[in-house]
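Comments concern the structure below.
The values are calculated or read from the model by the stated rules, or taken from the named source; none is laboratory data. Not measured: the values here are computed from a predicted model. Cβ: placed from backbone, ideal geometry, glycine included. Neighbour counts: every protein chain shown.
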């Protein structure tokens, strides 16, 4: 039995990627929340990049980077969330990385100090999301009918997009119909719903406001 402890910041989307994977694989795990603005010394000693998530394995080994953590969790538990075809697996890994860039776009939007700067960064984000829209098919999940690690990677992004689109004029889902369908399918999963912390929207809005950007003034 592998003992797993996930070190987390409450609204970190990369942590949420791993929580979704752990949930979907039915793993027993513990979550330890820290304040990234004032991290404890023990965290800085085990996290080479000073970032979350960090996964402690059997209290002796440490893994970092959500994509690495998720593949490890998948490998040590029954079943698999990775496609068996090497080319499909490689494409999934590439799009997981691309999804991380989209999450960074949301951060940069929130960091923009003026309306014009935010609009420029919003345009960049929309363009990137269009690439995702173009690669998607009309199936329930990224690869088809089965949930995969790439789906776990995009769910936190789509949760945040769903929130922002209800608050500001960000995306017209009519222009991103496949992305919208994917979002709804993912939000319907218990493993995704259970990954959303209590009062998430309040905490996420407060995180955006704390960046002191133009977006925070709109929430």
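All but one of (1) outside any helix (DSSP H, G or I); (2) more than 20 Å from residue 23 (Cα to Cα); (3) at pLDDT 95 or above hold for residue 138; which doesn't?
The one condition residue 138 does not meet is (3).
As an exercise: evaluate residue 192 against (1) surrounded by fewer than 16 Cβ atoms within 10 Å (Cβ to Cβ); (2) within 21 Å of residue 139 (Cα to Cα) and give the number of the one condition it does not meet.
(1)
Do we have any residue at all in the range 44-56 that's under 23 Å from residue 146 (Cβ atoms) and surrounded by fewer than 18 Cβ atoms within 10 Å (Cβ to Cβ)? Lay out the reasoning, then the answer.
Here is the first cut: in the range 44-56, the ones under 23 Å from residue 146 (Cβ atoms) are none.
Among the residues of the range 44-56, not one is under 23 Å from residue 146 (Cβ atoms) and surrounded by fewer than 18 Cβ atoms within 10 Å (Cβ to Cβ), which makes the answer no.
Show the residue pairs meeting these rules: Cβ distance below 7 Å; 6+ apart or different chains; first residue within the range 36-55 and over 21 Å from residue 207 (Cα atoms); second residue modelled with pLDDT under 95 and surrounded by fewer than 17 Cβ atoms within 10 Å (Cβ to Cβ).
As it stands, the answer is 44/50, since those pairs meet every condition given.
Condition first: touching a helix residue (DSSP H, G or I) at 6+ places or on another chain (Cβ under 9 Å) and not in a helix (DSSP H, G or I). Can you find one or more residues in the range 155-166 that meet it?
Checked the range 155-166: no residue is touching a helix residue (DSSP H, G or I) at 6+ places or on another chain (Cβ under 9 Å) and not in a helix (DSSP H, G or I).
Yes/no per residue for (1) closer than 20 Å to residue 53 by Cβ; (2) in a loop (DSSP other than H, G, I, E, B); (3) over 18 Å from the mean Cα position of the chain (by Cα):
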site: 73; (1), (2), (3): yes, no, no
site: 89; (1), (2), (3): no, no, yes
site: 104; (1), (2), (3): yes, no, no
site: 132; (1), (2), (3): no, no, no
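Which one of 180, 194 is in the same structural domain as residue 120 (by TED's automatic domain parsing) and under 21 Å from residue 101 (Cα atoms)? Before you say what the answer is, go through the steps one by one.
Values: 194 fails: under 21 Å from residue 101 (Cα atoms).
It is 180.
All but one of (1) closer than 21 Å to residue 100 by Cα; (2) surrounded by fewer than 17 Cβ atoms within 10 Å (Cβ to Cβ); (3) without any contact (Cβ under 8 Å) to a residue 40 or more places away in the chain hold for residue 144, so report the exception by its number.
Unmet for residue 144, out of (1) closer than 21 Å to residue 100 by Cα; (2) surrounded by fewer than 17 Cβ atoms within 10 Å (Cβ to Cβ); (3) without any contact (Cβ under 8 Å) to a residue 40 or more places away in the chain: (1).
When the residues of the range 112-132 are filtered to those that are in contact (Cβ under 8 Å) with a residue 40 or more places away in the chain and over 19 Å from residue 159 (Cα atoms), which remaining residue is surrounded by the most Cβ atoms within 10 Å (Cβ to Cβ)? Write out each step before concluding.
Residues of the range 112-132 that are in contact (Cβ under 8 Å) with a residue 40 or more places away in the chain, as a first pass: 112-115, 117-118, 122, 126, 129-130, 132.
Okay, now just the ones that are also over 19 Å from residue 159 (Cα atoms), so 112-115, 117-118.
Working: 112: 19, 113: 12, 114: 10, 115: 12, 117: 15, 118: 21.
Restricting to residues being in contact (Cβ under 8 Å) with a residue 40 or more places away in the chain and over 19 Å from residue 159 (Cα atoms), the top hit is 118.
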